[in-house]
Amino acid sequence: MAPEQTELARLAARITELRGPMSKTDLGRHIRYDRTAITRAEQGEIVPSAAMLARMDEFWRTGGELVARRRIVMGEEEVSPTDRRDALRSLALGVLAAEISRKIAAADPDPLSLDDYEMDVHRVAAAYFTTPHPQILADLAPNWQQVESLLDTRLSSSTRKRLTNVAGWYAFYLGLASFDVGDDKAARGFLSLSSQHAAETGDLLLSGSSAAIRSTVAFFNDAYDLAYEIAGPSQQKTHPYTRPILAGCAARAAAQAGRTDDAHQALRDLESGVWQGGVMPGPNPGNAAFLHDFHAGAFARLGDGVRAEEHARVGLAAQMDTDPSHFVQVAGKWSTLARTYIRRPQPEPEQAASAALNAIATLGGRPHRPGARNARQMYRELNGRWPDLPAVKDLGDAIAALPR
């Protein structure tokens, strides 16, 4: 066997040894190479690329060993069999600076992979609000773990910034999905990480998006003053897309906390910053439908249900005109309308129950914690005051069938 073939066989055997019981498919997912390339490398059919071996070195933390072995295979280092061990040691020590530079260059995902990651964020943004949230969690978690693993390695500064931003958005959507399925602890963890990544990259869209959902998590855990502080006074610099969203969250929380002046100021902020553009990564856009829905919610919580109803109907109609497939938003606007019927001097419980039933029907059995919570709260109030009404009993039956 020729010397270079012997060295290639040793390289192949070392890769197999390092992989151990891990499947080639799992390894491929970590280093972003398919199992066929790994199989051919382990069988000594090819000389693996330097980029592939660099990713293996990073994953196994072997200090550039595999890249060094490849250089020997390619004849870049003339080493006799008796001096091989010393040569490898010399490679690790004598040219460490050059090797680190090489590793940084080789460690970066190829530009197409980076583009794919960034486009995946937009794909998730477009699909999130019409996709079952457990599916979002299952699909997104492996991608997030992969990007975070890459961030644990040496990367060029430009690549690190791009990957940090991707990781931040993945964490945002994992936090949002965790909240929507009822796992608040996971939601807070992901959203905290998302906020940290936003601070690292200076991404105002990501930081504002994370703050809006952190405020929402606090609100649905009855921490209304905290929800207001997160969305309101703490937001000094905001992206135009998230400005109205944060104002709406602040208005909702202030109204529920009885902070009337703060609620009205937040509503004025919302009115001055309505988003006129398209959907971007982040929460639902703060468009006209959002404006009316959050006005309705705030006025209802302040006891002005008649005025709230006008906004609720306009918001629901706007949502149906722009995106009727957005089950979360359509259900939410039915819930807001339901609330307006009982926050008034002369309540209309049948109308409230009917609107709440429409919200449940819109969810279509898909798990969504805020929607289910709104329906249960409405039923508790209606059943406590008008338990004998047929519409209230129908709502109770629908509540009993909701997924837990």
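Some observations on this one:
- Qualifying residue in region 388-401 (condition: touching a His at 6+ places or on another chain (Cβ under 8 Å) and either more than 29 Å from THR131 (Cα to Cα) or of a type outside the set (Lys, Arg) (or both)): no
- Pick from region 265-290, criterion within 20 Å of LYS333 (Cα to Cα) and assigned to a helix (DSSP H, G or I), ranking: nearest to the chain's Cα centre (by Cα): PHE290
- Complete set of residues in region 323-338 that are in a helix (DSSP H, G or I) and in contact with a helix residue (DSSP H, G or I) (Cβ under 6 Å, 6 or more places away or on another chain): PHE327, VAL328, GLN329, VAL330, ALA331, LYS333, TRP334, SER335, THR336, LEU337, ALA338
- Among (1) without any contact (Cβ under 8 Å) to a residue 40 or more places away in the chain; (2) not in a loop (DSSP other than H, G, I, E, B), the one test that GLN236 misses: (2)
- Residue within region 339-346 that is hydrophobic (A, V, I, L, M, F, W, C), part of a helix (DSSP H, G or I) and more than 25 Å from the chain's Cα centre (by Cα) present: no
- Total residues in region 17-34, condition surrounded by 15 or more Cβ atoms within 10 Å (Cβ to Cβ) and in a helix (DSSP H, G or I): 8
- Among the residues examined, ARG344 does not qualify as surrounded by fewer than 16 Cβ atoms within 10 Å (Cβ to Cβ) and of a type outside the set (S, T, N, Q).
- Tally of residues being among the small types (Gly, Ala, Ser), crowded, with 22+ Cβ neighbours inside 10 Å and farther than 21 Å from HIS122 by Cβ across region 212-229: 3
- Taking every residue in region 124-136 that is part of a helix (DSSP H, G or I) and pairing it with any residue that is small (Gly, Ala, Ser) and surrounded by 13 or more Cβ atoms within 10 Å (Cβ to Cβ), at least 6 positions away or on another chain, the pairs with Cβ-Cβ distances below 7 Å are HIS133/ALA177; ILE136/ALA177.
- Filter result (farther than 27 Å from TYR170 by Cβ and in contact with a helix residue (DSSP H, G or I) (Cβ under 6 Å, 6 or more places away or on another chain)) within region 274-288: VAL274, ALA288
- Across region 18-57, the qualifying residues are those that are of a type in the set (Asp, Glu) and closer than 16 Å to VAL67 by Cα, and the one among them that is modelled with the highest pLDDT is GLU42.
- Lone unmet requirement of (1) at pLDDT below 65; (2) among the acidic types (Asp, Glu); (3) crowded, with 17+ Cβ neighbours inside 10 Å for ASP83: (3)
- Tally, over region 239-263, of residues that are farther than 17 Å from PHE290 by Cβ, touching a residue at least 24 places away in the same chain (Cβ under 8 Å) and assigned to a loop (DSSP other than H, G, I, E, B): 2
- Residue count for region 186-210 satisfying the condition of being out of contact with any Ser or Thr (no Cβ under 7 Å at 6 or more places or on another chain) and surrounded by 18 or more Cβ atoms within 10 Å (Cβ to Cβ): 3.
- In region 329-336, the count of residues that are farther than 25 Å from LEU174 by Cβ, among the aromatic types (Phe, Trp, Tyr) and within 30 Å of the chain's Cα centre (by Cα) is one or more.
The values are calculated or read from the model by the stated rules, or taken from the named source; none is laboratory data. Model, not experiment: these values are computed from the prediction. Because the Cβ atoms are built from the backbone with ideal geometry, glycine has one as well, and the counts that use them run over all protein chains shown.
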